[in-house]
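Asks: Could you have a look at this structure, given as structure tokens, before my questions?
The values are calculated or read from the model by the stated rules, or taken from the named source; none is laboratory data. Treat the numbers as computed from the prediction; the structure is a model and nothing was measured. Cβ sites come from the backbone with ideal geometry, for glycine too, and all protein chains shown count toward neighbours. Areas reflect the complete protein model, heavy atoms only, side chains present, ligands, DNA and RNA absent. Shrake-Rupley method; radii C 1.70, N 1.55, O 1.52, S 1.80 Å.
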Amino acid sequence: MLPQNTLHFDRRHDRGPFDIVGDVHGCAGELELLLGKLGYSIEHSGRAGLRDYEISHPQGRRAVFLGDLVDRGPRSPDVLRLVMSMVEAGRALCVSGNHDDKLRRWLLGRDVKVSHGLGDTITQFQTQPDGFRETVHEFLDQLAHHHVLDDGALIVAHAGLVEDMHYQSGGKARGFALYGATTGEQDEYGLPVRLDWAQDYAGDAHVVYGHMAVNEAVWVNRTICIDTGCVFGGQLTALRWPERKLVTVEALETYYASLRPR
């Protein structure tokens, strides 16, 4: 048993095996296909958009979701139901993404800009039963911004995490885990200019992250981005740990146009 003062993100005792899933962005159909390809047993009831799930793996593997569960895609409520059911059953872990955190703040009634797909999620929430918003808010509110796993050999964070923040819990680490590092400038597409922290990473732990859609997941200095742009018509990708094997499914369609050419 971990001591009572162990930080929320510190799960070094948790050794897996894991299937780490990149940014889903409401692509529930692709998520169901990917979990099936990974060997999970998937049972569900109800029509699309209002499904209840029971998901397990015969070998006891667990999923780890890298955040950005919602926005842009067609079935954010189903993605939330699936992930929440797995986490509640002890069959998955999840960290917060910046889109999840923005939804959390909207559910609190905060003044947030309805952009980058949040409007799609809000519209989909209008068909949900009473109590769904409260359940989602409670779930999002308790998510850690990163996890340290497998005796410290594995770090999972939505936008990645530099080595000196692996065991930090303050606002600076939270901001990096949610948004990554930026210069404060914008590119020609109106998007933040991001610093390529992975090129300088020299840590011993492997860092698995998403946030910035890439055409192909490749290892860079023991880091790997597995957001392969499913919602933009790319792929939904999982990394099996400790095997370090990539498993993908193709997007069923393009749901949202990427502002930056891919």
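Asks: Around Ala144, what is the net charge, scoring Lys/Arg as +1 and Asp/Glu as -1 over all other residues with Cβ under 10 Å from its Cβ?
Replies: Working: positive: Arg11, Arg174; negative: Asp10.
Surrounding charge for Ala144 is +1.
Asks: What are the radius of gyration and Dmax of region 1-76, computed over its Cα atoms and given in Å?
Replies: Radius of gyration, then largest Cα-Cα span, for region 1-76: 14.8, 43 Å.
Asks: Okay, moving on. For Lys37, which aspartates and glutamates qualify as cross-link partners when the Cα separation must be under 15 Å and same-chain residues fewer than eight apart are set aside?
Replies: Within reach: Asp19, Glu250.
Asks: Using Cα-Cα distances under 8 Å and only pairs 6 or more residues apart, what relative contact order does region 214-262 have, in percent?
Replies: Details: 75 pairs, mean separation 14.7, N = 49.
Across region 214-262, relative contact order equals 30 percent.
Asks: If every alpha-carbon in region 142-262 counts as one equal scatterer, what log10 I(q)/I(0) does Debye give at q = 0.21 1/Å?
Replies: So the normalised log intensities work out to -1.29.
Asks: What is the distance, in nm, between label points placed 7 Å from the Cα along the Cα-to-Cβ direction at Glu185 and at Phe132?
Replies: 4.3 nm
Asks: Additional query: Skip the ligands, DNA and RNA, and give the accessible area per residue of region 21-92 with a 1.4 Å probe, whole Å².
Replies: Numbers: 2380 Å² over 72 residues.
That works out to 33 Å² per residue.
Asks: Let me ask you something else. What does DSSP give for the chain in terms of the percent of beta bridges that are antiparallel, rounded to the nearest 5?
Replies: On the way: 23 of 40 bridges.
Here the antiparallel bridges make up roughly 60 percent for the chain.
Asks: Then there's this: When only C-alpha pairs under 8 Å and at least 6 residues apart count, what is the relative contact order of the chain, in percent?
Replies: 22 percent
Asks: Give me the percent of the accessible area of the chain that comes from carbon and sulfur atoms, probe 1.4 Å, all protein chains in place. Write out the running numbers ahead of the final one.
Replies: Details: 5600 of 12020 Å².
Answer for the chain: carbon and sulfur cover 47 percent of the accessible area.
Asks: What does the accessible area of Lys37 come to, in Å² to the nearest 10, when a probe of 1.4 Å is used?
Replies: Roll a 1.4 Å probe over it and Lys37 shows about 130 Å².
Asks: With a/c under 1.5 counting as rounded, go ahead and sort region 104-143 into rounded, prolate or oblate using the C-alpha gyration tensor (a ≥ b ≥ c being the square roots of the eigenvalues; past the cut-off, prolate if a/b is larger than b/c, else oblate). Each step should come with its number before you reach the end.
Replies: Working: a/c = 1.95, a/b = 1.14, b/c = 1.70.
Oblate is the answer for region 104-143, as a/c is 1.5 or above yet b/c matches or exceeds a/b.
Asks: Next question, about the same structure. Size of the dipole of region 80-173 about the Cα centre, Lys and Arg at +1 and Asp and Glu at -1 on the beta carbon, nothing else charged, in debye to 20? List each step's numbers first, then the result.
Replies: Details: 9 positive and 13 negative charges, 69 e Å.
That gives a dipole near 340 debye.
Asks: Additional query: Using label points projected 7 Å from each Cα along Cα→Cβ, tell me how many nm separate Leu195 and Ser41, to one decimal.
Replies: Simple spin-label model gives 4.8 nm for this pair.
Asks: While we're on this one: What distance in nm separates the two pseudo spin-label positions at Ala48 and Arg15, each 7 Å out from Cα along the beta-carbon direction?
Replies: Going by the 7 Å Cα→Cβ label model, 4.2 nm.
Asks: DSSP loop (so not H, G, I, E, B), at most 16 other Cβ within 10 Å: list which GluC sites (Glu not before Pro) in region 132-208 pass both filters. Don't skip to the end; give the middle numbers.
Replies: Values: sites: Glu134, Glu138, Glu163, Glu185, Glu188; in loops: Glu188.
When the GluC sites (Glu not before Pro) of region 132-208 are filtered for loop state and at most 16 Cβ neighbours within 10 Å, Glu188 remain.
Asks: What are the semi-axes of the equivalent ellipsoid for the chain, taken as the square roots of 5 times the Cα gyration tensor eigenvalues, largest first, in whole Å? Before the final figure, lay out each step's value.
Replies: On the way: eigenvalues 121, 101, 73 Å².
Taking √(5λ) for each Cα gyration eigenvalue gives 25, 22, 19 Å.
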